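These notes concern the structure reproduced below.
Throughout, read-outs are computed from the coordinates displayed, never taken from laboratory work. Please read all numbers here as calculations on a predicted model, not as lab measurements. Every residue, glycine as well, gets a Cβ built from its backbone with ideal geometry; the counts of neighbours run over all protein chains shown.
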Amino acid sequence: MGIELNKQLALEAAVQQQHDEHTKYYAYTEADAFTFNGVKEFSVLDYWRYTFCQLKNQQDTIAEYLVARALGISKAENVNSWTGYDISYKSKRIEVKSTAYVHTWNKKKVSKVRTFSIAPSNNYYWFGRLDRNGKELARQNELYVFCLNSNKDISNADPLVVDDWDFYVVPTFRIDALCEKRGNPDQKTISLNIVRKIAFRAVKWNKLSAAIQDTIELIDQHVLELDEKADS
């Protein structure tokens with residue numbers, strides 16, 4: 001077994017451990033209630049309606065939710081503490097980034113879609129380059145899912161229409177290689193046009209799970225190729 005494969009297996013074991021720890025929380029239901037003097041006053045559902053009923057300003061959260069649902073994931077993994085990534089699936093770390101043409105502030109014209117964040121970050125848990133403080137500096141995930149809400153009709157923007165979303169799945173090693181080639185390994189953003197080129201294609205939500213599965217296979221193959229290259 002090669003060095004890179006050993007490293008990847010150790011990392012995946014750590015990711016699974018983090019997943020188990022970060023999803024132990026109690027998931028409140030609409031039946032739970034706020035109480036005063038032991039008497040139920042209003043429900044958790046009432047709170048959700050008050051806080052989250054305006055979905056049009058929750059594009060980022062909706063994008064992550066759609067990715068999780070495509071993968072059959074029911075509990076968010078990044079709610080209790082910072083994990084450096086959004087979702088883990090089959091012990092692979094997934095970062096979800098989103099953008100849209102229409103936001104709550106758009107009244108007469110749509111926004112221009114420019115970039116997604118791909119900035120490296122510090123995390124003690126994962127492998128990466130060491131920064132001067134001894135922390136690990138790297139993109140803390142194996143793959144990105146870039147989510148674009150393609151609707152441009154301000155008068156007809158409905159956050160519940162899943163058809164409006166395009167998903168681009170990209171292995172992180174491909175982004176790292178692109179940034180290295182440009183002489184800027186710590187590049188902080190990537191344009192939609194570049195994402196479209198390196199993702200090869202956009203998929204709709206019903207094809208997202210298969211696209212992620214295919215990308216996981218690419219990642220595993222890449223690790224084996226690194227070991228083969230090292231041995232040759």
**Asked** Around Arg93, which amide H atoms from residues at least 5 apart in sequence, or from another chain, sit under 5 Å from its own amide H, with H modelled in the peptide plane?
**Response** Glu142, Leu143
**Asked** Given the alpha-carbon gyration tensor of segment 86-232, what are the semi-axes of its equivalent ellipsoid in whole angstrom, ordered largest first, with each equal to the square root of 5 times an eigenvalue?
**Response** 31, 18, 14
**Prompt:** Can you give me the Cα centroid spacing of segment 60-80 and segment 1-17 in angstrom?
**Reply:** 24 Å
**Prompt:** For the residues Ile198, Ile190, what sequence is obtained by ranking on other C-beta atoms within 10 Å, fewest first?
**Reply:** Ile198, Ile190
**Request:** Going by C-beta contacts inside 10 Å, put Cys53, Cys147, Cys179 in order with the fewest on the left.
**Result:** Cys53, Cys179, Cys147
**Message:** If Rh is defined by the Kirkwood formula over all Cα pairs and Rg also comes from Cα, what ratio Rg/Rh do you get for segment 45-104?
**Reply:** 1.00
**For segment 1-153, radius of gyration divided by Kirkwood radius, i.e. Rg to Rh on alpha-carbons** = 1.05
**Message:** Please list, by residue number, every one of the chymotrypsin sites (Phe, Trp or Tyr not before Pro) in segment 171-232 that is coil in DSSP and has at most 16 other beta-carbon atoms within 10 Å.
**Reply:** Phe200
**Asked** What order do you get for 63-75, 94-106 when each peptide is scored by the mean count of other beta carbon atoms within 10 Å, highest first?
**Response** 94-106, 63-75
**Asked** Per-residue ellipticity at 222 nm for the chain, helices alone: DSSP H runs ≥ 4 residues times -39500 (n - 2.57), over residue total, nearest 500 deg cm²/dmol?
**Response** -12000 deg cm²/dmol
**Request:** For segment 86-125 and segment 181-232, write down the distance between their C-alpha centroids in whole Å.
**Result:** 16 Å
**Message:** I need Lys92, Lys108, Lys204, Lys181 ordered by Cβ neighbour count within 10 Å, fewest first.
**Reply:** Lys108, Lys181, Lys204, Lys92
